[in-house]
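Below is one structure, written out as structure tokens, with a few remarks after it.
The values are calculated or read from the model by the stated rules, or taken from the named source; none is laboratory data. Keep in mind that what you see is a predicted model, and the values were worked out from it rather than measured. As a convention, Cβ positions derive from the backbone with ideal geometry for all residues, glycine included, and neighbour counts pool all protein chains shown. Each accessible area value is taken on the protein alone, full model and side chains, heavy atoms only, with ligands, DNA and RNA left out. Shrake-Rupley method; radii C 1.70, N 1.55, O 1.52, S 1.80 Å.
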Amino acid sequence: MSDTLYLSLWYPNLLLASLPDKLTAVLSEFAAHGGEARVYAATVWPISWTESPVFQRVCGKGERGAEPRFAVAEALELLHDDYAYEFQIGWSLWELESALDLESRDRNAGSPIALVAATSVQDDSGELEARWVREPRLVRVTGYGPLFDEGAFEADGHIRLDFGSDAPFLEEDVELDSVAARHVEENVRQLVELTSAVEKASGATARLLWSELGESLAQRLAARLGVRN
């Protein structure tokens, strides 16, 4: 069963005025590790997640997006210790696309959201086969003011990255042959490299990769690869 994967980063004695630089450093690392160079959207939340945003801007994907330093500067003009600042940025991973997904995508080939990094494959009967594609997803990067949601940063980190489903790092519903294992291992390597890079670039002194269900991704991955062996 898939789970939501997070990375939490903490900084010693972090001043609120230093949060923009930390967020910019984290967002700027995505381009070198399978992600976009520009921010898709920014949202500012006051007091807690139950409140309505006080600021929201959707810039768009790719070149239409905003450079991290500009997106952060604009959102954090409203710098308050009980606000949270959320940014969405694109990140691509290998995922197995089913034949049904392929048929739907081919029917919508002219759609701007049909973004893939592979070509269609047909078997001897002419039917579309499943294929591995570089599938874009949006990662949420959130910086917490110290008083937001009653000090949520203590558990979630001064900055938290929400990667969404952990399925691409395990592919538990896929037969783990050599091809599948190679793509899963590449996804995991990309995750490890990104987490190390954002920690170093932003000067974090502590980090934690965790999931909502509390299960260890490393242990689940080891067990998953053990099935293949």
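Using heavy-atom solvent-accessible surface (probe 1.4 Å) with all chains present, what is the largest-first order of Y11, Y83?
From most accessible down to least: Y83, Y11.
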When only the heavy atoms of the protein chains count and the probe is 1.4 Å, how do T43, T205 rank by accessible area, highest first? T205, T43
For P68, the net charge from surrounding residues (Cβ-Cβ under 12 Å; K, R +1; D, E -1) works out to -2
For V39, list long-range residues whose amide hydrogen, built 1.01 Å from N in the peptide plane, is under 5 Å from its own amide hydrogen. A66, E67
Here, E212 and V192, labelled 7 Å along Cα→Cβ, have an inter-label distance in nm of 2.7
Loop-resident GluC sites (Glu not before Pro) in region 24-102 with no more than 15 other Cβ atoms inside 10 Å, DSSP not H/G/I/E/B, are E51, E77
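If r is the Cβ-Cβ distance from W10 to D173 and R0 is 30 Å, what FRET efficiency results, to the nearest 0.05?
Values: r = 34 Å, r/R0 = 1.14.
Result of the calculation: an efficiency of 0.30.
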Those chymotrypsin sites (Phe, Trp or Tyr not before Pro) from region 5-50 that are DSSP loop and have at most 14 other Cβ neighbours within 10 Å turn out to be W49
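Based on the Cβ-Cβ distance from S2 to L78, what FRET efficiency comes out when R0 is 25 Å, to the nearest 0.05?
Details: r = 35 Å, r/R0 = 1.39.
FRET efficiency, S2 to L78: 0.10.
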For the pair A130 and I47, the simple spin-label estimate (label points 7 Å beyond Cα toward Cβ) gives in nm 4.7
Magnitude of the Cβ-charge dipole (Lys and Arg +1, Asp and Glu -1) of region 183-228 about the Cα centre, nearest 20 debye, reported as 100
